[in-house]
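> Let me give you the structure first, and then I'll get to my questions.
The values are calculated or read from the model by the stated rules, or taken from the named source; none is laboratory data. Treat the numbers as computed from the prediction; the structure is a model and nothing was measured. Cβ sites come from the backbone with ideal geometry, for glycine too, and all protein chains shown count toward neighbours.
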Amino acid sequence: MSSNQQSSNVDTIATGLAACGRAALTYIDPANADRPVVLNTYRAPSYVPGNPVVLVQHGVLRNGDDYRDFWIPAADRHGLLIVAPTFSDADWPGLHSYNNGRVRDQDTLLDAPPEASQSEATGPVRPVSDWTYAILARIWADLNASGVVQRPRAHLFGHSAGGQFVHRLMSSQSHDAFEAVISSNSGWYTLPDLSLPFPEGMRIDGLDQSHLVRLLAYPLTLLLGRCDNDTDAPNLPKNPEALRQGAHRHARGHHYFKLGQQAAQRLNVPFNWTLRDVDHIGHNGDAMSVVAASVWFDGVMPDSDTLARLAAGQVA
């Protein structure tokens, strides 16, 4: 990162997060300088530097402001800072820029129908450190440089397209910035398989077996709504690669976990993922955010009655 750009980002963060409450800050990543990211943030009244920070990745609607707001009750209870990096459709067009990480020089297949293959992208592969996923580690470094954050690692949560973003980040990038990671209700997965082309698998310039082994060893949590099982749900990926993984999101999450287990056994390496099914809840980013916060900061899965109320939208 250029020193001038880093200084500008750090100053923006320091000023914008000096007070409690919501903020929306423009962040410029030097590897993607023509494509700003908006940091939708919330600083709880009891937050102090050193308290936990949650990075939250939005879904296909690119509604980072909503996802930030989903976390406000937990932030107020636990003194958290919430930062939701938001990738607008205008600046990050199509799923290839966001979900699939802008791994190539050109945005391709932007107008392809949902059932089109996603393994047909062409063009030179960008350095792994320039992929969209890599931006989060730079945001985290600048948060710490601003003085607003004084913590070595962040919590990272993503739901739906954000769940895709998160598990592909963990497949390709350093894990050093993250102390706990949840990928929730992804539409489909980059499988832990170096023989399948990206994004169906991990075969792409820049990734090798060391990335796979590192991914399998990380204590990644898959948080899956048992009722996220609609085979005709809005925005459910129906490309051939996704359909091979299962008929709906819940099945695809179990398929991903099973293949992770098998890959670790085949390579004789550690496997530290956890899969947690969530009763009553379907494709609901608000409810799953509440569940993730409870798992991390209360140390428990909400009970069945609470989950039923969450599913019905009856929880404040």
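> Kindly provide the set of residues from the range 179-237 that are part of a loop (DSSP other than H, G, I, E, B), under 20 Å from His283 (Cβ atoms) and polar (S, T, N, Q), ordered by number.
Asn185, Ser186, Thr190, Asn229, Thr231, Asn235
> Another question, then. Considering the range 262-281 alone, what residues qualify as being in a helix (DSSP H, G or I) and more than 15 Å from Ser171 (Cα to Cα)?
Result: Gln262, Gln265, Arg266, Leu267.
> Still on this structure, I have one more. Can you name the number of the only condition in (1) polar (S, T, N, Q); (2) over 28 Å from Val291 (Cβ atoms); (3) modelled with pLDDT of 95 or more that Thr122 fails?
(3)
> Is it true that Leu143 is of a type outside the set (Gly, Ala, Ser), within 18 Å of Asp66 (Cα to Cα) and surrounded by 24 or more Cβ atoms within 10 Å (Cβ to Cβ)?
no
> Please determine whether any residue of the range 116-125 is acidic (Asp, Glu) and part of a helix (DSSP H, G or I).
No: zero hits.
> On to the next question. Since Leu259 meets every condition but one in (1) at pLDDT 95 or above; (2) more than 21 Å from Val56 (Cα to Cα); (3) assigned to a loop (DSSP other than H, G, I, E, B), which condition does it not meet?
So Leu259 meets the others, but not (3).
> Considering each residue of the range 27-69, count those that are surrounded by fewer than 16 Cβ atoms within 10 Å (Cβ to Cβ) and over 19 Å from the mean Cα position of the chain (by Cα), and give that number.
8
> Please go through the range 200-216 and pick out each residue that is closer than 14 Å to Gly101 by Cβ and either touching a residue at least 60 places away in the same chain (Cβ under 8 Å) or aliphatic (A, V, I, L, M) (or both).
Glu200, Met202, Ile204, Asp205, Gly206, Leu207
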